[in-house]
Structure formats: structure tokens, C-alpha cells
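Step one of this worksheet: look at the structure below.
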Ligand code: CA
């Protein structure tokens, strides 16, 4: 049987070369459809959602436990482990192949199991157990450091020795399309004698990838590179909304708190680590050499193109404001996970790790408005006199990401969010 990543595979449903969801991808999500059935697990294929619960009921798919795909999250499926993930993906790939009549020539099952994407409502794919946000792009950390501390002290002394992160809020991780209310908080702009409480004035996005952890680790135990890798189920696009002015006043000495706690948006399809395998690359050279527990032997970065578009309420079409690549990250997701567990911190099924803002070396590769507008000093002209330093009410942000194969792409769909005014 050919491997599900084989570029030569074809699906019996026509899939455009520009689609994010060819047969080589098969990302998992949670959807509901117009028929009013409860949310359940599906896989994206071209312009359709393949209903795994229907396949399971028809005895076409067996993960050893009935009802796993009738659940409103992927957590129970993820808990079954990497062997089951791999076997299931291979079976789904087989069912969708152009030369397999099983589903192709069964109109009744096709009718039940293939839901047009346009008729599906996509939900948060996982029950988020914990959310951790890292800070692992050297370009991003350097840009922010130069802005606030000057060129000579841009990186803090610890930055090159470990993936810096903090424990964020799982409660406000939301699905793409969820509208986000402008946060309120304590503000003390430069020059103000005392703080005041009010709506954030320097609202920003952060372009990140999210790692979905699919296996637990025990409290007190460290992870090797291979163990950490095996625990990663897949990846999503992640917008870590940020209130820069709230952050600036509150972050000393314990780091960000309310500035990052009001919303984090993720894309609905979890692209599996296995589907991204052909796009693995080595990350940047790490100098100084990381401590032994953080050393990696394998290429743990991905050649994954990323784009950010902004559409203000008065604009017809969005404008692209950033184009960068996940491959630039200094610390890999595997190193982040190894470091996360290194103290003895237990990891859970459904943990979400934000990569940190992804910026590249070029000016057009900056993954936040803080960097794009250089802390508000270089306003960005979008179109016809619409200018931005930070986000305004009614602005809609959308991220796209994909790995480009020969004649196909393994894509992530979209994460979108629109700003509502503060109450
Ligand atoms: Ca972040």
C-alpha cells in the first residue's frame, strides 16, 4: 500500500492544485452540519468534510473503540496514540483513493459521509487542556528588544540558552471566526503620572503556529527529542491577540498577564505531524550549542509559508501585510516541548503550545503590527488612505499557511478574527 504522503496519490473527488486539502493532507477537525446533528470529527478533503463517525458506523473505520469520532473534540482520538493516528490516516487515505471503489462506488455512503465544506460549521477542534506561549523567533525577539532596550541589549542573556515561554490561558482559546472584543486594562502611557483603566489603545496580533500535544507525559519525568516528537499530534495556525499598552505596564516582574489573556484564535483543521513530514528542514544554526537536554539530531523545523491579511471595515478586499516562513524559528517545537517538561512539569492530551510570533529577516516578514509599524512610529498604508499603526475596531485579520509540494500543497485553511469595540 502506498504511503499516505505519496505525491502520486489521487482522490476520487477532484481536488484543485491550489486547495489546502489534497489527499496528501487529511487534517482532522470538528464540524456540525445543517442537519442539526451534534458536532463530531471529520477530515478535510478538497471542498468536503469527510464524516468519520459515518465511516465508523458503517464499519469502514475501526480504531478499537466505537464512538471516538462522535465526540465534540479530538482529545479521545489523540489519546489513542501515534500508532493509531498513523493507521487511521492510512485507512482514510485508502478510502479516498481514486482506484478504490469502496466509498467511490457507494452512493448512499458517499451521500452520508461527504458534507460540502460550505454547509459545515467548524468548531474548536480540541478541548484545550493548557495553553503555553513561547517566544522562539530570534528575529522577533531581536526586533522587540531593539525597540525597547536598544541594539546592544536586544536579546536578554537567557534567550540563546532556552526557549522562553509563559503559561497562558486555555479558557479563551477560540475557534476561527469568533469575534474578539477589544480588551480593557490598566494603562500607563509614557508621561502619565498614574495608571488609568480603559480600552486598550495598542491592540496587536501575533502570527504563530500552535502545536497540539496528543499524548501525556508523567509528572517528574523528562522527555527525549524522540519522545517529545512522538507526543506531537499536529499543528494549527494561531493568532495570539496582544494588548501592547497593557503589557508594557503589567509585565514587570512576572511577565504578560491580562495583555495576553483575552483571546487566542486557532484554525479549525489540525494538520498532522505525519502530513508535514516531507517538509521538514533543519532550523538555523544554534550558537552557543544548547545544553545537552535540548540538543536535537533531527530536522525539527518545517518549510511552511505564512501570510497575514488585514481588512478594515471600509475595505472591500483584504491587503497582505506579512509573508514569512515557519522555518526561521530558532527553537523548534520539539525543543519547546522537551524544555516544558524538563522541570518535571506534566503535559496533557490537548495541551496547546504557541510557537511565539514568527518573524523573518526581511521587512515584509514581520509577524506583528508592533514590528511592522515599529512601535507605532512607521504607520502602514493599507489602501486608499487607510493607515494602521495598531488594530482598530472592525478590523478583520486572517492568516493562511501551507507547505508547497510538487503540484499540491498541504495547507492549514484559515484563522480569522474581527475586532469588536470595547464595551
Ligand atoms: Ca505570543
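Points worth noting:
- Spin-label model, residue 363/residue 65: points 7 Å from Cα along the beta carbon direction are separated by 5.4 nm.
- Note on residue 87 and residue 153: their simple-model spin labels are 5.7 nm apart, each label 7 Å out from Cα toward Cβ.
- The chain: angle of helix 138-149 to the longest principal axis, Cα-based, in degrees nearest 10: 20 degrees
- For the chain, a Gaussian network of Cα nodes joined below 10 Å ranks 258, 314, 247 by mean-square fluctuation, and the top entry is 314.
- Most fluctuating residue given options 59, 345, 11, as computed from a GNM of the chain linking Cα atoms under 10 Å: 59
- Relative counts (whole %) of C-alpha pair distances in region 356-423, using bins that are 10 Å wide: 16, 39, 32, 11, 1
- Reduced Cα scattering model of region 296-357, Debye log10 I(q)/I(0), q = 0.19, 0.30 Å⁻¹: -0.84, -1.27
- Fully extending the segment from residue 297 to residue 171, taken as 0.36 nm per residue of separation minus the present Cα-Cα distance, adds 41.8 nm.
- Spin-label model distance (nm) - residue 111 vs residue 129, 7 Å beyond Cα toward Cβ: 4.2 nm
- Choice from 283, 64, 36 showing the highest fluctuation, given a GNM over the chain with Cα pairs closer than 10 Å: 36
- Packing rank of 16-24, 190-198, where each peptide gets the mean count of other beta carbons within 10 Å, highest leading: 16-24, 190-198
- Principal-axis tilt of helix 82-96 within the chain, Cα atoms, nearest 10 degrees: 60 degrees
- Cα centroid separation - region 193-212 against region 29-75, whole Å: 36 Å
- The convex hull drawn around the Cα atoms of the chain, when projected onto a plane and averaged over every direction, covers 21.6 nm².
- Descending semi-axes in Å of region 1-135, equivalent ellipsoid built from Cα gyration tensor: 22, 18, 16
- Global size of region 208-356 as Cα Rg and Dmax, reported in angstrom: 17.0, 53
All of the numbers you see were taken from the coordinates with simple rules; none came from a lab. Being a predicted model, the structure only gives us computed values, none of them experimental. Methodologically, a virtual Cβ is constructed for each residue, glycine included, from the backbone with ideal geometry; neighbour enumeration extends over all protein chains shown.
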